[in-house]
1. Find which of Gly256, Val318, Ala301 sits farthest along the positive direction of the dipole of segment 220-324, computed with +1 on the beta-carbon of Lys and Arg, -1 on that of Asp and Glu, about the Cα centre.
2. Pick out, from Pro383, Gly126, Val365, the residue whose Cα sits farthest towards the positive end of the charge dipole of the chain, with +1 on the Cβ of Lys and Arg and -1 on the Cβ of Asp and Glu.
3. What does the charge dipole of segment 22-124 about its Cα centre add up to, to the nearest 20 debye, if the Cβ of each Lys and Arg holds +1 and the Cβ of each Asp and Glu holds -1?
4. Using θ = phi - 60° and the Karplus form 6.51 cos²θ - 1.76 cosθ + 1.60, what ³J(HN,Hα) does each residue of segment 80-93 get, whole Hz, x for Gly and Pro?
5. Taking the chain as a Gaussian network, Cα atoms linked when under 10 Å apart, which of Glu158, Glu198, Glu92 shows the biggest mean-square fluctuation?
6. For every helix of n ≥ 4 consecutive DSSP H residues, a contribution of -39,500 (n - 2.57) applies; sum these over the chain, divide by its total residues, and give [θ] at 222 nm rounded to the nearest 500 deg cm²/dmol.
7. So what are the ³J(HN,Hα) numbers for segment 55-62, from phi and the Karplus equation (6.51, -1.76, 1.60; θ = phi - 60°), rounded to whole Hz, Gly and Pro as x?
8. Please compute the modelled spin-label separation between Ile7 and Asp309, points set 7 Å along Cα→Cβ, answer in nm with one decimal.
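Please treat every number below as a calculation from the coordinates, not as lab data. The model shown is predicted, which means the values in this text are computed figures rather than measured ones. For neighbour counting, all protein chains shown are included, and Cβ atoms are generated from backbone atoms with ideal geometry for every residue, glycine included.
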Amino acid sequence: MGVVILIVMAAGVAAMLTRKLPTAFALVLLGVVIAFVAGAPLTGKESVLDTVLQEGAPMLASTMIAVLLGSWLGRLLDETGIAGTIVRKIVEFGGDRPTVVALGVLAVSALIGTVTGSAPAAMLAGIIGIPAMVAVGIPKVTAAGTILMGIAVGVPFELPIWQFFSTALDLPVPTVRGFMVKLFPLALVAAVAFVLIESRRRGVEHAWSLKTAADKPRSRRERLGDAPWYALLTPVVPLALALGFEVAIIPSLLAGVLYALVTTTRPREMNKRLLRTLYGGFEVAAPPIALFIAIGILLAAVKLPGAIDALEPLVKAVSPQNPVLFVVVFTVLVPLCLYRGPLNVYGLGAGIAGVLIAAGIYPAVAVLGLAASYNQVFGVSDPTSTQTVWSAQYAGVGPQQVMVRTLPYVWAVALGGFCVTAATYL
């Protein structure tokens, strides 16, 4: 039975890789098929309808709410001009010094990455940042990679990510936060190294194929002027509350929304802006919410007693227990989190993580180390991820070019994460 489940999983990966099925649909189908193969009844206790679908779909509800609030805050950063103002100030400070401009945009990307991830974060930092970097001579591939590496620096402090790992792996938020704090300096060093090495190795390239911010029609926010200086603290507010004062994730994000609104909006306009940006946040959050529904269904399926009994001996046989082997094996397997592969935490990787925990192969916190480390690679180098595709296309290069240039750096981050995991939790 375990072999059959593995074959089903492999078929699901193939369907996602060949784009025969959207990832969310493939994960739901996988969950249902795995449940039937594991011997689950149609209804009743530990069943397909009542357990896998009914209980699995809302399993990550708190994560979905956190994603929605992060998307809402991201729309506010865009509409109020906070994100654009931060980027412009950094670019003005850098002047015609390419490395300084790139490091400044990297810092802004990291700050925005703590609020919202994926394509919205890339857009907020990249719409102004990428043309500015190209204009001062940063190569296009390096400019796109700088945005992505910056977002990856912010991901360890992205509150919706904390909520996702906490719920999916059944870990308390402080435990998730503790590992993310350890992962942050690894991501930071790799990102700074990327900017310094790639910008100097490739030299200055004066490519003017991209329109600069000055070439574009001025937006309403630009016509009105920059956001107030105190409003620029908005991305820091939720992070300070959650990290410094240990406030719960959802209230921290709500505080960020309210701070952005109060510091940029006149009282008579607050109601309209709140509703407009909230509805816009729903549009941005819809795809990841659909994915989290599917992941919840898959997690519910692989945690069924029949699935655990079938998969435990197979997974245990191939899972390294020695800390050194743990690091070596999972470092070698890093490419399997690319192209929606089986170790992608926002795909089948979530199900594999569930099996590792439910079968007692590794402690949940060690699985957190694996998943978070692989997520650093996926978020930067996967040519199918929305932020990578957008950044590459906006810079005028291919996603595969960005993958080749950034992969060595994020692979090193993953290696560091595995070392920390093995040394601390095994």
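1. Gly256
2. After comparing all options, I get Gly126.
3. Working: 5 positive and 7 negative charges, 50 e Å.
That gives a dipole near 240 debye.
4. 7, x, 5, 5, x, 5, 4, 5, 4, 5, 5, 5, 4, 5
5. Most flexible of the set in this elastic network: Glu92.
6. Details: 19 runs with 303 residues, N = 426.
Dividing the helical sum by the residues of the chain leaves -23500 deg cm²/dmol.
7. So the Karplus estimates, Gly and Pro as x, are 8, x, 4, x, 4, 9, 4, 5 Hz.
8. 2.1
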